[in-house]
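Remarks on the structure that follows.
Read the figures in this text as sums done on the coordinates, not as results from a lab. None of these values were measured; they are calculated from a predicted model. Don't worry about glycine lacking a Cβ; one is built from the backbone with ideal geometry, like all the others, and counts go over all protein chains shown.
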Amino acid sequence: MERHKFQWVKSPNFNERPSASITMVVVHHTVIPTLEETVNHFLSTESKVSSHYVLGKDGTIVQMVKDGDRAWHAGVSSWKGVDNCNDYSIGIEVVNKGNGMDPFTEAQYASLVNLIGSFVSKYGIASDMIVGHRDIALPPGRKVDPADNFDWSRLSEMADRKTVTELASRMQREYREQEHTN
Ligand SMILES: [Zn+2]
């Protein structure tokens, strides 16, 4: 297995999980174009955001929050009827401008496969619990990450993209219908 550079830089932006169980992985793009700026953003107490892991363009993995702690990456969110995805997920921020053109690199896909593979063995993450921020964010359309040029087929050994997409569109449809009747 290829070895990528790994660093630990502790973010102040985290708290305790309400329950110890970790059942989900959320993939994001940063919009912020570099690893250094992203890490600085997550180090700032004013930003009030963080992620367990940040993946640089060269595949470098920076861990900023312990898996067992609750990072602040998903915001208002829900999946399969359970709200507040930060409570039970691990967040991975992939450095990318998020404009649909900036390529996700081979090194980033390799690091993602390694990282998510390790969570699948360690925490038993199910294939329909490996999602993008866009799938779980509420209200629907609030988030678009990871961008359309993110290649989910690279994670197909672990992530069931078809089921996730179907579940996400059902949740978003139900959300809109509920809004309508309230
Ligand atoms: Zn995001």
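Can you tell me what the convex hull of the Cα atoms of the stretch 106-182 projects to on average, as an area in nm²?
Mean orientational projected area (the stretch 106-182, Cα hull): 5.6 nm².
³J(HN,Hα) across the stretch 9-25 via Karplus (A = 6.51, B = -1.76, C = 1.60, θ = phi - 60°), whole Hz, x for Gly/Pro?
Working through the residues one at a time gives 10, 7, 7, x, 8, 7, 8, 7, 6, x, 9, 6, 7, 10, 10, 9, 10 Hz.
Using the Cβ atoms and a cut-off under 14 Å, what net charge is assigned to the surroundings of Pro139, where Lys and Arg are +1 and Asp and Glu are -1?
0
Can you put Thr30, Thr23, Thr45 in order of Cβ neighbours within 10 angstrom, beginning with the fewest?
Thr45, Thr23, Thr30
Skipping prolines and chain starts, which residues have an amide H placed within reach, meaning under 5 Å, of the one on Gly132, given they are 5 or more residues away or on another chain?
Here the answer is Val27, since their amide H atoms fall under 5 Å of that of Gly132.
Local charge sum around Leu43 (other residues, Cβ-Cβ under 15 Å, Lys/Arg +1, Asp/Glu -1)?
It works out to a net charge of -2.
When Lys and Arg each count +1 and Asp and Glu each count -1, what net charge do the other residues less than 15 Å away from Lys57, Cβ to Cβ, add up to?
-4
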